[in-house]
1. Could you please tell me which pairs satisfy a Cβ distance under 9 Å, a separation of 6+ or placement on different chains, a first residue in the range 52-67 that is under 13 Å from residue 40 (Cα atoms) and among the basic types (Lys, Arg), and a second residue that is buried (at least 18 other Cβ atoms within 10 Å of the Cβ) and at pLDDT 95 or above?
2. From the list 7, 62, pick out the single residue that is modelled with pLDDT under 95, surrounded by fewer than 17 Cβ atoms within 10 Å (Cβ to Cβ) and out of contact with any Phe, Trp or Tyr (no Cβ under 9 Å at 6 or more places or on another chain).
3. Please note which helices (runs of 4 or more DSSP H) are completely contained in the chain and include at least 3 residues that are more than 9 Å from the chain's Cα centre (by Cα).
4. Of all residues in the range 25-34, how many are free of Cβ contacts under 8 Å to residues at least 24 places away in the same chain and surrounded by 12 or more Cβ atoms within 10 Å (Cβ to Cβ)?
5. When you scan the range 3-13, do you find a residue that is within 11 Å of residue 67 (Cα to Cα), among the basic types (Lys, Arg) and out of contact with any helix residue (DSSP H, G or I) (no Cβ under 9 Å at 6 or more places or on another chain), even just one?
Amino acid sequence: MGRSHEKLLNNLEELRKLAGLTQQELSESAEVSRKSINAIENGIYVPSTVLALKISKTLGCKVEDIFKLPQS
């Protein structure tokens, strides 16, 4: 799994690159700043449900493929 936040693990960077998208291209599709995508990829920012859904739609995958809860 990619980067982690204390409450959320994410695989966004790997899936974005597999889709052949830059952070800028993903940010434009999701209607957020490139810095927001960077912050999510680095585990600094946890996206809203709406943003997570927009990102998954752009990447053509499920939200659960991108974001996971840490093992307890």
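The values are calculated or read from the model by the stated rules, or taken from the named source; none is laboratory data. The model shown is predicted, which means the values in this text are computed figures rather than measured ones. For neighbour counting, all protein chains shown are included, and Cβ atoms are generated from backbone atoms with ideal geometry for every residue, glycine included.
1. none
2. Working: 62 fails: modelled with pLDDT under 95.
Going through 7, 62 in turn, just one is modelled with pLDDT under 95, surrounded by fewer than 17 Cβ atoms within 10 Å (Cβ to Cβ) and out of contact with any Phe, Trp or Tyr (no Cβ under 9 Å at 6 or more places or on another chain): 7.
3. Details: elements: 12-18, 23-30, 34-41, 49-59, 63-66.
In the chain, 12-18, 23-30, 34-41, 49-59 are the helices (runs of 4 or more DSSP H) which contain 3 or more residues that are more than 9 Å from the chain's Cα centre (by Cα).
4. Taking the range 25-34 as the starting set, the residues that turn out to be free of Cβ contacts under 8 Å to residues at least 24 places away in the same chain are 25, 27-28, 31-34.
If we keep only those that are surrounded by 12 or more Cβ atoms within 10 Å (Cβ to Cβ) as well, we get 25, 27-28, 32-34.
Qualifying residue count for the region: 6.
5. Yes, the range 3-13 contains at least one residue that is within 11 Å of residue 67 (Cα to Cα), among the basic types (Lys, Arg) and out of contact with any helix residue (DSSP H, G or I) (no Cβ under 9 Å at 6 or more places or on another chain).
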